[in-house]
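Peer 1: Have a look at this one before I ask anything.
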Amino acid sequence: MSSLKVTLNGERTTIPIDPSWRLLRALREGAGLTGTKEGCSTGACGACTVLLDGQPVYSCLLPAPTAAGSEITTIEGLAGADGRPHPLQQAFVDHGAIQCGFCIPGMLMSAYAYVRDAVEPDEASVREALGGNICRCTGYVKIVDAVLEAAREGTSRGGMLQ
Ligand code: FES
Ligand code: FES
């Protein structure tokens, strides 16, 4: 075994890994954070999406050692310290945008980056931002509605995700 030093959900962390692992396995097995899901393992579904230095990446494709020294945010890092859901998570709940839930952690990480950066949110740009995250259940409409509402509320308040 080897180790991977990162900042994980805001805390400096050393994760035990095998150097052959991808980041997804390091998070799930090394760090015990199983919120990030494994779908295709080939970069096709987005279930494994996390933020690496603020940008969405497919953690199933990234060799774990290449993440050394980076900041990683997973779904476990979205909720507030008081345990309340993040406003973006709440928007998904309010819109009924979750069915089986398997895609949702990855979907939320891509959506988080979109909402954080959106200047003039609209449906087309939401769909583009979520284009790498596949959902087999919801038909996407409620997901897009939730993200759009969160983005519009965020920009009107000067950034709800700061
Ligand atoms: S599990 Fe990584 S893209 Fe599907
Ligand atoms: S809610 Fe089931 S795959 Fe998206």
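The values are calculated or read from the model by the stated rules, or taken from the named source; none is laboratory data. Because the structure is predicted, anything quoted here is derived from the model rather than measured. Positions of Cβ are backbone-derived with ideal geometry, glycine not excepted, and every protein chain shown enters the neighbour counts. What goes into the accessible areas is simple: the full protein's heavy atoms, side chains included, and nothing from ligands, DNA or RNA. Shrake-Rupley method; radii C 1.70, N 1.55, O 1.52, S 1.80 Å.
Peer 1: Could you tell me which numbered condition Ile17 fails, if it satisfies all but one of (1) β-branched (Val, Ile, Thr); (2) away from ligand 2 (no atom under 16 Å from the Cβ); (3) surrounded by fewer than 17 Cβ atoms within 10 Å (Cβ to Cβ); (4) over 15 Å from the mean Cα position of the chain (by Cα)?
Peer 2: Every listed condition holds for Ile17 apart from (3).
Peer 1: If you go through segment 129-145 one residue at a time, do you hit one that is among the basic types (Lys, Arg), within 16 Å of ligand 1 (Cβ to nearest atom), open to solvent by 20 Å² or more (accessible area, probe 1.4 Å) and without any contact (Cβ under 8 Å) to a residue 40 or more places away in the chain?
Peer 2: Within segment 129-145 (the criterion being among the basic types (Lys, Arg), within 16 Å of ligand 1 (Cβ to nearest atom), open to solvent by 20 Å² or more (accessible area, probe 1.4 Å) and without any contact (Cβ under 8 Å) to a residue 40 or more places away in the chain), the answer is yes, since at least one residue qualifies.
Peer 1: For segment 27-52, which residues satisfy the criterion of being open to solvent by 40 Å² or more (accessible area, probe 1.4 Å) and either touching a residue at least 12 places away in the same chain (Cβ under 8 Å) or within 9 Å of ligand 1 (Cβ to nearest atom) (or both)?
Peer 2: Lys37, Glu38, Gly39, Cys40, Ser41, Thr42, Ala44 - these are the residues of segment 27-52 that are open to solvent by 40 Å² or more (accessible area, probe 1.4 Å) and either touching a residue at least 12 places away in the same chain (Cβ under 8 Å) or within 9 Å of ligand 1 (Cβ to nearest atom) (or both).
Peer 1: Separate question: Check every one of the helices (runs of 4 or more DSSP H) wholly within segment 57-162 and list those with 3 or more residues that are more than 30 Å from Ser2 (Cα to Cα), more than 16 Å from ligand 2 (Cβ to nearest atom) and modelled with pLDDT of 95 or more.
Peer 2: Output list reads 104-117, 123-129, 141-156.
Peer 1: Then there is this: Assess whether Leu24 counts as being buried (at least 21 other Cβ atoms within 10 Å of the Cβ), over 13 Å from Gly77 (Cα atoms) and not charged (D, E, K, R).
Peer 2: Taking the combined requirement at face value, the residue satisfies it.
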